[in-house]
Structure formats: structure tokens, C-alpha cells
Amino acid sequence: MKKYQFQLIALIGSVLLFSGCGNQNGKGISNGALSSSNAEKVYVAPGEQDEFYAFMSGGYSGNLTVYGLPSGRMFKEIPVFSQFPTSGYGYSEETKPMLETSFGFVPWDDAHHPDISQSKGELDGRWIFINGNNTPRIARISLSTFETEEIIELPNSAGNHSSSFITENTEYVVAGTRFSVPVPQRDMPISEYKSNFKGALSFISVDPDHGHMDIKFQLMMPGFNYDLSHPGRDKSHGWFFFTTYNTEEANSLLEVNASQNDKDFIAAVNWKKIEEYVNNGGGTMMPANYAHNVYDEATHTATSTMKKEVLTVDPLKVPGAVYFLPTPKSPHGCDVDPTGQYIIGNGKLSADLTVHSFDKMIAAIEGEKFDGEAYGIPILKFEDVLAGTVKSGGLGPLHTEFDGKGNAYTTFFISSEVVKWKLGTWEVIDRKPTFYSVGHLMIPGGNSRKPFGKYVVAMNKITKDRYLPTGPELEHSAQLYDISGDKMELIYDFPTHGEPHYAAGIPAELLAPKSKKIYRLDENKHPYAVTSPDGSKVVREGNEVHVYMSMIRSHFTPDNIEGIKVGDKVYFHITNHEQDFDVPHGFAMIGQNSSELLIMPGQTKTSVWEPKQPGVWPFYCTDFCSALHQEMQGYVRVSPANSDVPLTFTLGE
Amino acid sequence: MKKASIIMMIGPLFLLGLFYFPLWNIMLGAPQYPDPLGMNIHIDGIRDVNEFDLKNIDGLNHYIGMRTLPKPEDMWEFSTFPLVIGGMVALGVVFGLLGYFKKVSYKWFLGWFILMSILGVLGMYDFNAWMVDYGTNLDPHAIMKLSNADGTPMTYSPPLFGRANMLNFQVTSLPSIGAWLMFVGMTLTLVAFFKGWKNRNFNAIQD
Ligand SMILES: [Cu+2]
């Protein structure tokens, strides 16, 4: 205890020292006392734990990273859409099916918007969902194992960006199309985009017990760009709101051609109405081809199934299901406040925020006060649905979240700042600079009915000089603000992996107690598992050899194998026999055209090796598992293809 | 004598707790085990404190050449102890009943206490002998063979009572609920004896 106190004093002392020689944080405050209290706010002492989990999308890393708040410490990178040699995800036989698509094996994606499952509009911490933007996919990750359990591909979609947002009882995870495409895909002139392309909005049902996803229907909307979306909540539960841009339907030089209309739309979709229509037999089943990949925790194995049809819905066939709300200047974020009353359009090419009123929208629909239509979809009058405008004084509003105390926080990309404003009065309360060019921000639970409004994390697109330079390529940078007072306070900077486009936060107490420590060996249903120490064997089936191997501190069973021949395909099925928390073992084979495996206690993973030359080839454990880790190794004797060395396997002989 | 006999009937019943609660508890804590490993010693076998603790203790002990922890069928004690405890409970209750109906005097209560104490001491002796054997009778091919400062081979017997450091582990060995219940029960039989002794003149007149 004394030691920690000393360290704390030393830390505060050093902060005082540094803040004394020129503070570069924004307004150049050199108030030592203030800085030291900020240091205390983010200081999580050795051995202590953070108050919140933050799940940050990895953008072009294709993965999801887990951080602690307020410390900014990174705990884990969860492989989702990208091969991950660290654990063997996407390399092991069990996980390769996770990355199958209708385009074949796609080992990468661009992961954007994580969202945690909800019950009654509040975070329930069962799963987190995230979208792959490039090859349209949605993944579901377990929040007890922190592993990807399911990936579903989306047909008829491209640029899966207005995704993956969840309705308030996790009835649906919703995914929209940013790049409209011909549906079905066909060879046609690009210049005939206008009125020929479609933007599919997919409603994917989530099984309430095991979380399995299934495309309930795709709403085939006009060929705009559907940028971001959010569900209605509480009073507006049953609706979903999507921002659009490029309502001009330009197909080239969009930066100019898609920015000509003074107003684009927020599409308001009454999904309950469409669900009812579909449940009564509505919609058109169309041929499709998309992958559905499910990982089974009991067999530790994923399977990939190609689905062959999808139910599509023409919005014009369901009267009263879809309306357009005119919203200025290519809105990006589409955010709904915790009461469900306000729908915020963040017009990224303007200075102001447009706030629509759900009550006014319903009144306008009931009064049938339309301002024309687009492709048969009624457009509501801007003035009739407008609740207010936030005259922010900033430039380029992108995304808004809420603190649950009647305040909203909006990022401004162009003017690099976070602006705090009041719902209802639309007055700006505070503004703080970010460093630099902030994209999304995140308040834990900030897109639910019950935000935990203590911190806001701003995810910046540009890092420049915030950290020691690392050549031309830099990690992105997040900034942490304390929002517990009237004024926001920038308290911490930390680098983030990949490019976080969005994040989801949740109080640690909701997740930490149910985080799994081991996989039970007695529940391991892997067909090649070795569940008892004497169950190891090596079986030849033609030129395929299956090694049923177990591992425990600090040996493999078997660790000497002979009788393998050049031209064989050797499957190492390896079961970790530990049942102790945090005792993984690894497996790596010399010259293998694959990655290592990192196998958790009670788990089985499989690695394929195709030996190319005769010899005696070693393998070893890659995880420093014990004092005898260096001894955890073995040999495989490889003989020429025509040899008759008998197949043997031994340990300790 | 009635009160004394009733107390004598109740006291031995506390020993029944041994059929449910552990007699002794040994915990092993180390920096890399923030949740310490532990074993509960019951009269019919050794069990985990948290699931897989015994497996993990065995996994660690194999480095220093200790045998694996005994299963109930590996030691005669685990089949004998329940019979002895059951027998002593029955005997104590019978003594109380006989006292109640004035068939035996309060001196028999002390007799039961003394017999139980002797058995208890024997049990502790046996338990300690096992721990010494378990901690010193090591596999000659052990992975780690450590020596004390004086060159003698290091041994790893956990303490019978209290705390000791063994390599990177701090070992704590203490009586558990079953033992405490047994102490309460035995104390009650002693109380029964004293009550009987105090009222001996009155009893004599009554007789
Ligand atoms: Cu190992």
C-alpha cells in the first residue's frame, strides 16, 4: 500500500512538473492543481480495475479492440473479420469457415460500428454486434467468451455502413447499404445508375436465446447512399431512422455531384408495420447467395452454410411504412435521444444540427401533410417535423450521443471539437477542442435509454503530433473527457488500434462477473478432442494423418511421431488439458504455411501441416506457460513418400 | 441429572456436521494465484474449494515430485473415519439416554469425552503423518530438486495448523466448520459432565 501511495505521489509530482513547462492541451492552462486532479481521474492504480469496458471498432484492422475506461489500457483484440495469427483465428481448421462468403474466403474487412445487445432499451451485455463494411457482413461476438460466434453475409448490399444497430430488445440488428447497386447484380452501364440501382436495408432477426441471426427481410429502397442509422427507442420503438446522402443519385465524382441538393433525407422506417406485413406472407422471396457462419462453443468449431434466398420488401407495397424527413446537407450520424422523442441529423457539410420531433412526425403523417414524394415514398414537410436547430457555431457535425441528463454531445469533424448542447432548448452549453478531426464519440450506453454519462470518448481521425512519431503511419488517437460536471474536461489521450469508427461502452460490473475463465474439458464436444490423458493417438487415412494430441504443463502427448511421409496432409488436433484460468498453450511447426495456434484451457484447435522434405522436424509451445515452457516441444520424423517406416507415437520413451 | 443428560444427548449430534462440512482447510496463495487454490479435508475425502483446485494443485506439485492428492479409495482413513464418527455419535446419544433414565452416572459422559479426545488426537497424528509423508517422500526424478541452506533436500509438508511459506506459495492450514462443530459438541459433553458432577449430591439424595 505504501509503495502505491509513493507511486501516486511521484506520478502527481511528475504531472505537476510537466504541466509547469508549457501545457499544449488546447487553451494552454498551466494550472498544476487542475492537471493533477485530472491525473487522478484517469489513474487506475496497479492491481485495480477500470470502471467501464470500451469496445472500439478496428476499422481497416477488421477486428474489435477492448479497452478500459478511464485508463485507456487495451485488454484484448478480438478477431472478427480478419485472420489473426496471434490465436490462429481464420487459420485453424475450426475457424476458417468464419471467413467464408459468396466471394469465397475473404480474410479481411473494414469493421465499423459495434453495438451491444439491449433489453428494454438498456444494455444487457450478452453480445456485441459489428458490421463489415467492404464485403457486407454482420458479426455477433459473445460477451462471455469475447470471441466471434457468428457472421452473416448480406446479399444485395454494398458498403455495409449504416450498420449494425440494434432495436431496443435486440429484436433486430439492422444493416443498410451505403453504395447502392443493381439488384440482382448484373452487367449494365454505370451511367444508368439513376433509378436502376437499389439500396437494401436489411433487418436481421436475433434469436433471443442463442443470438443466432437470420435475415428477416430486406427493404429495397431507392438508390441513395444510406449512411448511418439508429433505432427509435421508448416512444419511437418500432421505427428505424437512416440518414441518406447522394439523393442526387450521382455515380461519379460524388464529392461534388452528391452535395448539390440543399437537403437530403432521413428515412423513417416503421419496421413493426413491415414485420407484420412479412408475417402475413408479404414480400417477395428472391434467389440469392450468401454465407451464414456459426461457431459452436461446445465443438469449438465453425460451420459455413450458403443460403440461397432472401425475402425482399418493396416499400411501396406497405403503405405507411416509410417516410422521408428532409434534412440539410448530407447528414452523417442519425441519432435518437434516450426518450425516443428527438431524431438528430448531423448535416456534415453544414454548421447546424437538425433535430426532428417524433411526435411532430407522427402528427404530420396522420395529417398527410406531404411535400411530394421520391420514388413513391412520401416526403414530409421540413417545417412540420422540425423540433429545432442547434446553432452550434462549429463546422461539420458528425455524430451525437447523450448523457441521460438532458444533454447531447456532438462531434464536429471540420472544426475538431465536441459541443455539448441541451435537448429542448437547443442551446450550446460548452465546447472543447479535440485533437484532431474527430469522427464518432461514445458515452457508455449513450445510444440506449439509459446512458452512463460520466465520460465521453472522442475518436479522432488524425493523430499528427499527439504521441512520439512512428514514421508516416500512426495509430489513431482517442481522447477522454470527464462530463460529470457542467463543463467538459479533456482528461486523457490514448492511441487506438486500427481506425475506430465507433465504440460501445458498458459498466464493468455488467460484464466482468460473467466473463468465462476456461472452457470445460468435460463439455468439449469437438469430434477430434482428446479428453482423457491416455486418449492420444495417430490415425492414418490414406495420405491424411490425424494426430489426436493433448497438451498440459509442460508437454505434448505424444511428443515423438514417426511414420509421416512427404505428401501427407497432417492434421494436428490439439486439446489443452489445463482447467486453470489463463493457462493457454501454443503450437507451432517449423515451415508450416499457416499461423500458430493459441489454445485455451479445455479447448481443441486444429492445424494442418503438409511436410515437403524428409527429416526430423520440431514443433513447440509458443506460450510461455510455465517454468518448463522451453521444454514443451516435440519431433515429427518425415520419411520419403515411398518409405515404410511404421506409424508410431510416443511420450517419455 | 436430567439437564445434564439432555446436553449429553445434544453434544455428540454436533459431530454429524462432519458428514457435511470439511474438517480442515488448506489454502495455497501465490502472486499468480490472486484467487488462492484450496483443498477441504472431509472425513471421507479431499475436495476442491473451487472447482479444479485439486487438479491444479497436483499440476503444480508434479514439478517438485509430490504424489497426486489421494482419492477416497486410496486411503483407509476415508472409509474408517465416517464409521468412527458415526459410532461415537451413537454412543454419546446412548450415554445421554441412559443417564436420563438414571441407568448410568455422569462419569460416563467424561468417559465419552476422553475417548473422543484420544481418537481425535490419533486422527490428528495420522493426518500429520500423512502430510509429512506426502511432503517428503518425493519422486527421485522430480523436475525441480531444491535444497535447504544446509544442503538437505527441501521438503514440502504443509503445516498442521497455521501459516507457512513453501516456495512461491503461502500455505494456510486451519480447522474448518466441521472441526469447530466437533469442538462445540465435545465441549457440550464436558458441560454435561460438570453439570452432573455439580448436582451429584442432589442426585444421590434423589436416588
Ligand atoms: Cu505450453
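The values are calculated or read from the model by the stated rules, or taken from the named source; none is laboratory data. Quick caveat: nothing in here was measured; it's all calculated off a predicted structure. When we count neighbours, we look across all protein chains shown, and the Cβ atoms used for this are built from the backbone with ideal geometry, even at glycine. These area figures cover heavy atoms from the full protein model, side chains too; ligands, DNA and RNA do not enter into them. Shrake-Rupley method; radii C 1.70, N 1.55, O 1.52, S 1.80 Å.
Got the relative contact order for the range A:52-514 handy, in percent, Cα pairs under 8 Å and 6 or more residues apart?
Relative contact order here is 13 percent.
Hey, rough spin-label estimate for A:THR470 and A:ASP534, points 7 angstrom out along Cα→Cβ, what's it come to in nanometres?
5.2 nm
Using Stokes-Einstein with the Kirkwood hydrodynamic radius over Cα pairs, what translational diffusion coefficient do you get for the range A:52-514 at 25 °C and a viscosity of 0.890 mPa s, in µm²/s rounded to a whole number?
Estimated diffusion coefficient is 112 µm²/s.
As a check on your grasp of the helix formula, calculate [θ] at 222 nm for chain A: sum -39500 (n - 2.57) over DSSP H runs of n ≥ 4, divide by the residue count, round to the nearest 500.
Values: 7 runs with 60 residues, N = 653.
So the helix-based figure for chain A works out to -2500 deg cm²/dmol.
What whole-number distance in Å separates the alpha-carbon centres of the range B:84-145 and the range A:574-653?
51 Å
Whose amide H sits under 5 Å from the amide H of A:TYR91, counting only residues 5 or more places off or on another chain, with H placed in the peptide plane?
Sorted by chain and number, the residues that satisfy this are A:PHE84.
Any chance you could give the angle, 0 to 90 degrees and rounded to 10, that helix A:2-20 forms with the longest Cα principal axis of chain A?
50 degrees
Would you mind telling me the share, in percent, of accessible area of chain A contributed by carbon and sulfur at probe 1.4 angstrom?
Solvent-exposed carbon and sulfur of chain A make up 54 percent of the total.
Placing unit charges on C-beta atoms (Lys and Arg positive, Asp and Glu negative, everything else neutral), compute the dipole magnitude of the protein assembly as shown about its Cα centre in debye, rounded to 20.
2700 debye
Given 37 °C and 0.692 mPa s, compute D for the range B:92-197 with the Stokes-Einstein relation, Rh being the Kirkwood radius over Cα pairs; round to the nearest whole µm²/s.
The Stokes-Einstein estimate is 191 µm²/s.
If I model a spin label as a point 7 Å beyond the Cα along the Cα-Cβ vector, how far apart are those points for B:LEU119 and A:MET188 in nm?
9.2 nm
Can you give me the C-alpha center-to-center distance between the range A:501-523 and the range A:359-425, rounded to a whole angstrom?
The range A:501-523 and the range A:359-425 have Cα centres separated by 36 Å.
I'd like the residues of the range A:578-616 whose 1.4 Å-probe accessible area shrinks by no less than 50 Å² going from the isolated chain to the full set of protein chains.
The answer is A:GLN579, A:ASP580 - residues whose exposure falls by at least 50 Å² when every protein chain is included.
Can you pull the Rg over Rh of the range B:12-53, Cα-only, Kirkwood?
That ratio equals 1.11.
Find how many whole Å separate the alpha carbon centroid of the range A:273-326 from the alpha carbon centroid of the range A:53-88.
That distance is 29 Å.
Could you tally up the Lys pairs in the range B:2-194 with alpha carbons closer than 22 Å? Skip any pair fewer than 8 positions apart unless they're on separate chains.
8
With n ≥ 4 as the cut-off for DSSP H runs, can you work out [θ] at 222 nm for chain B, using -39500 (n - 2.57) per run divided by the number of residues, rounded to the nearest 500?
Working: 6 runs with 101 residues, N = 207.
Result for chain B, helices only: -16500 deg cm²/dmol.
Hey, what do the phi angles of the range A:308-325 turn into as Karplus ³J(HN,Hα) couplings, whole Hz, using 6.51/-1.76/1.60 and θ = phi - 60°, x for Gly and Pro?
Here the 3J(HN,Hα) series is 10, 8, 9, 8, 10, 10, 7, x, 6, 7, 10, x, x, 8, 9, 9, 10, 10 Hz.
Which value, in Å², gives the accessible area per residue of the protein assembly as shown when a 1.4 Å probe is used on the protein heavy atoms?
Result: 43 Å² per residue.
How are the Cα pair distances of the range A:552-653 distributed, in percent, across 10 Å bins from 0?
Taking all Cα pairs of the range A:552-653, the binned fractions are 16, 47, 29, 7, 0 percent.
Any idea of the total accessible area buried by the B-A contact, 1.4 Å probe, rounded to 100 Å²?
Adding both sides of the contact gives about 900 Å².
Rounded to a whole number of µm²/s, how large is the Stokes-Einstein D of the protein assembly as shown at 37 °C and 0.692 mPa s, given Rh as the Kirkwood radius over C-alpha pairs?
Reported coefficient: 103 µm²/s.
Can you give me the Kirkwood hydrodynamic radius for the range A:91-165, using every pair of distinct Cα atoms, in Å to one decimal?
13.0 Å
Which residues of the range B:19-68 end up with at least 30 Å² less accessible area in the presence of all protein chains than when their chain stands alone, using a 1.4 Å probe?
Correct list: B:TYR33, B:GLU51, B:PHE52, B:LYS55, B:ASN56, B:TYR63.
Debye sum, Cα scatterers, the range B:2-194, no solvent: what log₁₀ I/I(0) at q = 0.09, 0.10, 0.12 1/Å?
Calculated log10 I(q)/I(0) at the listed q: -0.42, -0.50, -0.66.
So, with a 1.4 angstrom probe, what is the percent of accessible area on chain B that is carbon and sulfur?
67 percent
Would you work out which of B:LEU23, B:TYR100, B:VAL171 lies farthest towards the positive end of the dipole of chain B? Charges go on Cβ: Lys and Arg +1, Asp and Glu -1.
Value: B:TYR100.
Can you compute the charge dipole magnitude of the range A:210-307 about its Cα centre, using +1 on each Lys and Arg Cβ and -1 on each Asp and Glu Cβ, nothing else charged? Give it in debye, rounded to the nearest 20.
The calculated dipole for the range A:210-307 is roughly 340 debye.
Over 26 Å, how big is the tail of the calculated P(r) for the range A:244-362, in percent of all Cα pairs?
Details: 3304 of 7021 pairs.
The share of Cα pairs beyond 26 Å in the range A:244-362 comes to 47 percent.
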